[in-house]
Every structure is written in C-alpha cells, then in structure tokens.
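Worksheet: the structure to be examined is printed underneath.
The values are calculated or read from the model by the stated rules, or taken from the named source; none is laboratory data. What you see is a predicted model, and the numbers here were worked out from it, not measured in a lab. In this analysis, Cβ positions are derived from the backbone assuming ideal geometry, glycine residues included, and neighbour counts consider all displayed protein chains.
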Amino acid sequence: MTELTTLPGPTRRPMLMVSPEDHRRALALRQMAMAYADLPRYLLLPEVSALLHYLPDWSQHALVSTLWNNGGRINEVLALKRRDFRLNGDYPHAVIRNAKQRRAAPRR
C-alpha cells in the first residue's frame, strides 16, 4: 500500500511512501529480473519518488513524472502538446502518439 507524505527539505514536495512489505517484494522482483541479461533495468517506486523529491526544477519534475506515470519514451513525452493531456474526465491521462501516428495526424 502506498501513501503520500511530505518530506522535510527546501521545497517540501510530496513523496510517495511504500510499505516495507511492498518494498521487499519489489526488491525480490528486481533480483529475479537481474538474473536475465536481456531485461531492462528499472527504478522502484521509492527510488523514483526520491528522485522526484530532489529535482530542483518543476519542469524537470514534470518530465520525469510524466515519463514514469505514462511509460512513454523520451521522444514521445517531449512531443506532447497541451491538447494531448485529458484532465477533465474520470481518469486523467495523456494521449501519447509515436512518430508514425504524429505524422499521420492532421495538423490543427
């Protein structure tokens, strides 16, 4: 179970905290994944949360947070426009298009 807390520091940004049991499971999964050389390496939720907490700039924070939460590639996230974010519905989300989809889409 995750919960939101605020860590002390110069900016006092919120940070997601993970229960110790969930963290142990995630570490066990990481150890299992490291046995296979062809799988990508990744950060765990507490590590990403700590990274977000210490980023000095809100634009960097927004970029890393969007990458983490949407799973987009860096070029896909950098190509996002304001119209790609859908924040008014029940499930706020971003519409990420790859290069082929962006080329095929009509210009607005």
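Take ASN98 and tell me if it is touching a helix residue (DSSP H, G or I) at 6+ places or on another chain (Cβ under 7 Å) and at pLDDT below 90.
Judged against the criteria, ASN98 is a match.
Looking at LEU80, LEU63, LEU44, LEU67, can you tell me which residue is surrounded by 13 or more Cβ atoms within 10 Å (Cβ to Cβ), of a type outside the set (Lys, Arg) and assigned by TED's automatic domain parsing to the domain that holds PRO20?
None of the others qualify; the one that does is LEU44.
Looking at (1) modelled with pLDDT of 75 or more; (2) surrounded by 12 or more Cβ atoms within 10 Å (Cβ to Cβ), which one does PRO14 not meet, given that it meets all the others?
Here PRO14 meets the rest and fails (1).
Within the group LEU7, LEU51, which residue is at pLDDT 85 or above and touching a helix residue (DSSP H, G or I) at 6+ places or on another chain (Cβ under 9 Å)?
Step by step, each of LEU7, LEU51 is checked, and only LEU51 is at pLDDT 85 or above and touching a helix residue (DSSP H, G or I) at 6+ places or on another chain (Cβ under 9 Å).
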